[in-house]
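These notes are about the structure you will find just below.
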Amino acid sequence: MFPLLSRTYKLKRKNHKRKRGETRSDLTTFEIRPTKDKNGVGMFAISNIACGDIIISNEEPIVQCSSRPNRAICSFCATPIGTLRKDHLMVPYDLSLPFLDGDDDDPNGLVFTTSHVKCHQCKDTVWCSDLSCQTCKEQQHTIICPFSKPLKDFYDSCSKDTVPIFQLATKAVLVALSHFISASREEHLPIDQFYWWRDYGSHPLWWEVGGSDSKCDKKDKATRFVSVLQNALIQSAVSKKINVSESIVCEICSINHVGSILGMLQCNVMQYEYPSPAGQFLEQINEMLEDLEEQKIVLDEHVDCGSIIGSGLYPLLSLANHNCNPNASIEFLSESNRGSMVATRNISEGEEICITYVCNGGIGSGDSTEYFRQFHPTRTWKWLNDKLLQEGGDGDEQEDSEDEDEADQDANDGGERHSCDSSNNEGVKEDEEPNNLEGSTVTERAKALIEYGFQCKCALCLEQLLPQSS
């Protein structure tokens, strides 16, 4: 069901021109193997990786949730759906908006997708036409909908920062339960064969991991969550005649299993974020109106112009360990929750690929031009820029993506690439400031990492701790 840790993985190098005799299997870029201290596994480069290369491309999360639910966003992949005017800006047709008036062929502006499905029971959940999103709908959401109101009430009773982890834990249980139900139709397998979270190794129970709440308070929350989740699943199974017994539900939703799931999520979940279509539209249009000294557009409060934000558990991305001097970064390049790992500097063969688990003040100590070469305009931005050009405006000075591709290809053909950083294992040039977290000390970083239940022992932290110990 999930990637084997012994596998090697192919580098998604954009427009890579294969040399004579080179096959696609020659382009493997990293492997998962035990770290030097043997306390876990890590991600190690098995070939040289250049700054800006995509190491992992558009990985789907196993489970995900949105911090800001939006009916114009797919509930699984978090990609925009519908049309810009009707579904995202949600303005009446008699309200005049630049580029959205007087166009009989395109009255709604940008069309993201015309094919999407809404849940006919809860009315608040919608999926795009992508096959994996439809599978999520069929295998997970329908198991518990419409009996999830008690769970929503429980989420509302939690503090804002703990809501995502309980939402993800619900979906983690539904993933296991849906696979068990599907398999039981053909063969009878023990339920513990479907405890997929064990693939992530041994993690402390949630209430044993650091954080602001006390151990007793966190265990009490988890206990209440288990009770609500069990009751909702049992009620749904009986009502919908789902082939799963009450004892199976209680076993998979035991306090120890849920505590393990919550602990695993606490240590591995990542946040995703990208600007919403409505926010992008208003920002660019208002900048244009400001230049023309005209009145800016203000929409109703119910229009969500903020960023699309959520959390997800990624099977490969989460295997990257933390380092306060990271050589890679997690980016969301596709206007969705599909995550990519991008090298922030040159990485040598044999070097461990690391990210940072706490906020990083910069993109790396390398060449930002190389790092950003994989970033492309969103559909909303490109649509607006094309409209500006059609109207005789200046548009944006940024090069077309095809020109960027040609430039990248020319650099590859010439065998030259800008040096982003030294390729030694420390990843820092002599007399050069390391890519540590801006404005933070080793003490501040250690405090931030309490949430992940470990103490950082990277070279930077050990170096900064030496003066304190002496």
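The values are calculated or read from the model by the stated rules, or taken from the named source; none is laboratory data. For clarity, every value in this text was computed on a predicted model and none was experimentally measured. Cβ: placed from backbone, ideal geometry, glycine included. Neighbour counts: every protein chain shown. Surface accessibility is based on the protein's heavy atoms, side chains included, excluding ligands, DNA and RNA. Shrake-Rupley method; radii C 1.70, N 1.55, O 1.52, S 1.80 Å.
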Heads up, the range 165-254 by the C-alpha gyration tensor (a ≥ b ≥ c square roots of eigenvalues; a/c under 1.5 rounded, else a/b over b/c prolate, else oblate) looks oblate
Over the range 169-292, what percent of the accessible surface lies on carbon and sulfur atoms, probe 1.4 Å? 47
Starting at the first residue of the range 56-63, write each ³J(HN,Hα) from the Karplus equation 6.51 cos²θ - 1.76 cosθ + 1.60 with θ = phi - 60°, in whole Hz, x for Gly and Pro. 10, 10, 6, 7, 7, x, 5, 9
What is the gain in length, in nm to one decimal, between A459 and K86 on full extension, counting 0.36 nm per residue of separation less the C-alpha to C-alpha distance? 129.0 nm
Taking R0 as 35 Å and r as the Cβ-Cβ distance between D124 and E444, the FRET efficiency 1/(1 + (r/R0)^6), rounded to the nearest 0.05, comes to 0.35
Label-point separation in nm, S245 to D192, each point 7 Å along Cα→Cβ: 1.7
Between I297 and K36, Cβ-based FRET efficiency (R0 41 Å, step 0.05) works out to 0.15
What do you get for trypsin sites (Lys or Arg not before Pro) in the range 150-183 restricted to DSSP loop and a cutoff of at most 12 other Cβ within 10 Å of the site's Cβ? K160
What are the ³J(HN,Hα) values, in whole Hz, obtained from phi via the Karplus relation 6.51 cos²θ - 1.76 cosθ + 1.60 with θ = phi - 60°, for each residue of the range 307-315 in sequence order, with x given for Gly and Pro? 5, 7, 10, x, 10, x, 10, 10, x
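Using a 1.4 angstrom probe, figure out how much accessible area the range 242-356 has per residue, in square angstrom, rounded to the nearest whole. All intermediate terms of the calculation are to be shown ahead of the outcome.
Details: 4160 Å² over 115 residues.
Value returned for the range 242-356: 36 Å² of accessible area per residue.
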In the range 151-239, which GluC sites (Glu not before Pro) are in a loop and have at most 15 other Cβ atoms within 10 Å, using DSSP for the loop call? E186, E187
Taking placed amide H atoms and a strict 5 Å upper bound, the residues 5 or more places from N321 or on another chain that come that close are M43, I355
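If Lys and Arg each add +1 and Asp and Glu each add -1, what is the summed charge of the other residues whose beta carbon sits under 12 Å from the beta carbon of S67? Don't jump to the answer; show the numbers that get you there.
Details: positive: R68, K160; negative: D161, E273, D304.
With Lys, Arg at +1 and Asp, Glu at -1, the neighbours total -1.
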Given unit charges at Cβ for Lys, Arg (+) and Asp, Glu (-), the dipole magnitude of the range 188-279 about its Cα centre in debye, nearest 20, is 200
Between the range 126-169 and the range 294-335, the Cα center-to-center distance that results, in Å: 20
If you put +1 on each Lys and Arg Cβ and -1 on each Asp and Glu Cβ, how big is the dipole of the range 119-266 around its Cα centre, in Debye rounded to 20? 320
